[in-house]
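For reference, the structure is listed below as structure tokens.
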Amino acid sequence: MDHYDLIVIGGGPAGEKGAAQASYFGKKVALVEETPQLGGACINTGTLPSKTLRESALYFSGLRQRGLYGIDYSLREGLTMQDFMHHKDDVVESERNLVRKNIAEHAIDLYVGKGQFKGANELAVLSGDGKTITISAHVFLIATGSRPHRPAEIPFDDQSIFDSDTILEMNRIPQSLAVVGGGVIGVEYASMFAALGVKVTLLDSRDRLLPFLDAEISELLRLRLEELGVVLQLNGRSKHFGKTAGGIRIELESGQCIEAQMALFAAGRRASVQGLGLHKVGLAVNKRGYLEVNEFYQTTVPNIYAAGDVIGFPALASTSMEQGRVAVCHAFGFNYKKRLAHMLPMGIYTIPEVSSVGETEESCKEKSIPYAVGRGHYANNARGQITGDKQGLLKLIFRRDDRKVLGVHIIGESATELVHLGMIVLESGGTVDSFIEMVFNYPTLSEIYKYAAYDGLGNLAGHKLREG
Ligand SMILES: Cc1cc2nc3c(=O)[nH]c(=O)nc-3n(C[C@H](O)[C@H](O)[C@H](O)COP(=O)(O)OP(=O)(O)OC[C@H]3O[C@@H](n4cnc5c(N)ncnc54)[C@H](O)[C@@H]3O)c2cc1C
């Protein structure tokens with residue numbers, strides 16, 4: 001039996017980065033992945049495919065160029081699913097190769113098969129051809145991720161009713177699409193298909209989109225989605241899904257109906273722990289269906305760690321990678337990455353992008369933090385004019401007494417990149433004045449920070465300062 005310092009189960013971002021971290025510091029590592037492809041949901045079915053499709057949707061719809069050249073760039077005629085998926089397939093393939101190269105360069109032994117615990121130090125690897133081998137280790141990292149929730153009462157056929165994995169197998173672009181579930185995945189796909197000219201209805205049981213966002217940003221996102229043509233059905237719950245000659249019909253609890261050619265059900269994901277043999281090591285999922293860990297990603301069995309989607313919130317590729325690294329550093333006592341950063345940015349790749357970090361106005365009110373707000377508008381920024389995004393907003397929230405930055409919220413072009421500058425100031429305890437002191441390249445979107453800061457100081461002083 002081969003013995004390792006570390007066995008990682010799952011080759012998604014949490015597993016890959018955890019394995020590479022341990023190997024980098026000289027540990028003997030094995031990575032067990034059930035499917036022939038590395039990269040997990042991040043590369044194969046989730047993050048990267050959806051972000052690449054977003055770029056394709058922007059390209060084929062000509063949305064970015066609309067109005068810039070006095071030409072009406074409308075949707076390319078005769079767009080096929082193959083056109084739409086082409087770039088996605090290229091990106092997925094290149095990223096899979098990069099992960100495979102990373103694993104090889106770190107001399108990590110790769111086992112293709114399903115990992116199943118036999119005990120706290122032994123793992124069976126069940127390969128597709130019916131063979132089983134057993135390997136052992138001092139330390140384990142469970143990084144088996146999550147899969148879409150498929151309620152039994154919904155007649156998924158992956159032809160007209162899809163989940164967020166099988167949507168990538170859609171064989172034609174529908175004329176209409178019902179998206180059930182207004183979480184990040186649902187809203188992203190809704191905006192993407194609407195940009196392609198698909199008539200999209202988005203159903204969500206809550207009264208506002210993405211309620212964790214600052215309310216002003218959430219409202220701006222709602223308006224922008226409606227401008228794209230998305231019909232929002234908030235405060236609505238689906239009661240029954242049925243097939244019709246033209247596609248699908250969703251009856252709502254309110255008695256209303258949504259009819260569309262196709263539907264995407266994107267309401268929730270579940271930890272992938274089936275067949276892992278958790279009971280053999282005395283582990284079980286919690287009430288929400290996830291593995292419980294401490295701040296070092298250690299389960300109640302001290303030599304077994306868990307990271308990524310399998311432990312639940314925030315269930316992002318960005319955080320999963322870091323959790324995998326922190327877990328391994330703790331397990332082997334590496335004096336390196338000791339904790340996950342406490343400020344976690346949120347990137348939402350809708351059209352337009354949204355990104356935020358830190359406190360919202362609502363959370364400041366709840367915590368009774370006296371705060372002030374500064375707003376910078378893309379419309380007043382030269383780069384905003386050049387790129388054609390005249391509706392974007394960058395919003396800074398800072399404490400009234402010491403002017404420390406508390407939150408950054410952005411909707412508009414490159415929001416997910418721009419947020420990092422504010423996050424660094426926030427993380428390092430900087431004040432809103434930092435943005436006023438900095439010199440920014442011109443013309444850039446980053447410069448909007450300076451004008452948001454001027455606006456904020458004007459608001460704080462109770463009058464509008466003249467900018468500049
Ligand atoms: C549509 C969509 C869009 C997303 N967009 C973003 C985004 O923009 N930004 C972001 O940060 N995150 C995004 N995410 C989330 C991100 O994809 C996940 O948080 C991330 O992939 C989780 O990484 P992981 O390593 O925990 O698990 P996964 O990526 O799910 O990988 C788990 C791996 O474990 C394997 N496995 C499972 N069980 C076993 C077993 N018993 N034995 C061996 N192998 C096993 C699986 O085959 C899989 O390869 C998105 C997700 C979806 C679905």
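Numbers at a glance
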quantity	calculated
Out of G236, G275, sole residue that is in a loop (DSSP other than H, G, I, E, B) and assigned by TED's automatic domain parsing to the domain that holds K287	G275
Meets criteria (of a type in the set (F, W, Y), within 27 Å of R147 (Cβ to Cβ) and within 11 Å of the ligand (Cβ to nearest atom)) for F84	no
One residue from A190, A271, A266 being touching a strand residue (DSSP E or B) at 6+ places or on another chain (Cβ under 8 Å), over 29 Å from L63 (Cβ atoms) and buried (at least 16 other Cβ atoms within 10 Å of the Cβ)	A271
Qualifying residue in segment 212-230 (condition: over 29 Å from G358 (Cβ atoms) and not in a helix (DSSP H, G or I))	yes
Residue count, segment 384-416 (criterion: surrounded by fewer than 17 Cβ atoms within 10 Å (Cβ to Cβ) and at positive phi)	1
Hits in segment 419-468 (condition: in contact with a strand residue (DSSP E or B) (Cβ under 9 Å, 6 or more places away or on another chain), assigned to a loop (DSSP other than H, G, I, E, B) and not acidic (D, E))	G429, G430, V432, L445
Candidates D214, D207 - the one that is more than 16 Å from the ligand (Cβ to nearest atom), over 25 Å from L79 (Cα atoms) and crowded, with 23+ Cβ neighbours inside 10 Å	D214
Looking only at segment 310-355, and only at residues there that are assigned to a helix (DSSP H, G or I) and under 26 Å from I411 (Cα atoms), the one that is farthest from the ligand (Cβ to nearest atom)	E322
Residue list for segment 274-308, restricted to those being in contact with a strand residue (DSSP E or B) (Cβ under 7 Å, 6 or more places away or on another chain) and at positive phi	G275, G277, G289, Y297
Whichever residue in segment 277-306 is closer than 19 Å to K114 by Cβ and within 12 Å of the ligand (Cβ to nearest atom) and, among such residues, is surrounded by the most Cβ atoms within 10 Å (Cβ to Cβ)	A306
Residue list for segment 23-35, filter: over 11 Å from D109 (Cα atoms), in contact (Cβ under 8 Å) with a residue 24 or more places away in the chain and more than 10 Å from the ligand (Cβ to nearest atom)	Y24, F25, K27
Residues (among the small types (G, A, S), near the ligand (Cβ under 9 Å from one of its atoms) and under 20 Å from T134 (Cβ atoms)) located in segment 1-22	G10, G11, G15
In segment 136-169, residue surrounded by the most Cβ atoms within 10 Å (Cβ to Cβ) [restricted to those that are among the hydrophobic types (A, V, I, L, M, F, W, C) and within 12 Å of the ligand (Cβ to nearest atom)]	A143
Pairs, first in contact (Cβ under 8 Å) with a residue 12 or more places away in the chain in segment 83-99, second surrounded by fewer than 19 Cβ atoms within 10 Å (Cβ to Cβ) and not in a helix (DSSP H, G or I), C-beta under 6 Å, six or more apart	R96/Q37
Pick from segment 36-70, criterion of a type in the set (S, T, Y) and either surrounded by fewer than 17 Cβ atoms within 10 Å (Cβ to Cβ) or part of a loop (DSSP other than H, G, I, E, B) (or both), ranking: farthest from the ligand (Cβ to nearest atom)	Y69
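The values are calculated or read from the model by the stated rules, or taken from the named source; none is laboratory data. Quick caveat, the model's predicted, so the values are computed rather than measured. So basically every Cβ, Gly included, is an ideal-geometry build from the backbone, and we count neighbours across all protein chains shown.
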